[in-house]
1. How much length, in nm to one decimal, is gained on full extension between Val45 and Asp64, taken as 0.36 nm per residue of separation minus their Cα-Cα distance?
2. Only loop residues by DSSP count here, and only those with at most 10 other Cβ atoms within 10 Å; note down the trypsin sites (Lys or Arg not before Pro) in the stretch 1-72 that meet that.
3. Relative contact order for the stretch 1-72 using alpha-carbon pairs under 8 Å, separation at least 6, rounded to a whole percent?
Amino acid sequence: MQWPEGDPLSDPVVKELAAKHNKTPAQILLRHLIQRGMAVIPKSVKPERVKENMAVFDFTLSQDEMDKLKSVKTRTRLFLFDVAIGHPFYPFEEVDQSKLKMVSMKV
């Protein structure tokens with residue numbers, strides 16, 4: 001298993017919702033996480049991206065749209081969050097960390 005994998009920004013469901021709301025795919029995914037009650041900490045060094053990342057509070061996703069996003073098969077996690085394994089609110093299934101192949105993210 002290679003980690004991370006996939007590109008959720010290119011997912012057809014994400015792109016469809018981005019067009020519908022006149023937002024970027026990244027904004028749709030950030031809004032989805034916020035509406036799920038998760039703390040979101042996006043990172044950027046470009047002022048225009050920082051501004052874009054903050055422009056997620058002027059719209060909401062409907063329950064139907066939230067359900068569509070839950071069905072997206074592409075999953076990417078850039079931080080293993082292994083310090084929280086075993087915590088009752090750990091949001092991911094148990095994974096044998098030793099079997100994951102770390103990959104670098106080239107920009």
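1. Here the answer is 3.5 nm.
2. Lys43
3. Value for the stretch 1-72: 32 percent.
Readers should treat all values here as calculations from the given coordinates under stated rules, not as data from a laboratory. From a predicted model like this one, the values you see are computed outputs, not experimental measurements. Glycine gets a Cβ as well: all are built from the backbone with ideal geometry, and neighbour counts include every protein chain shown.
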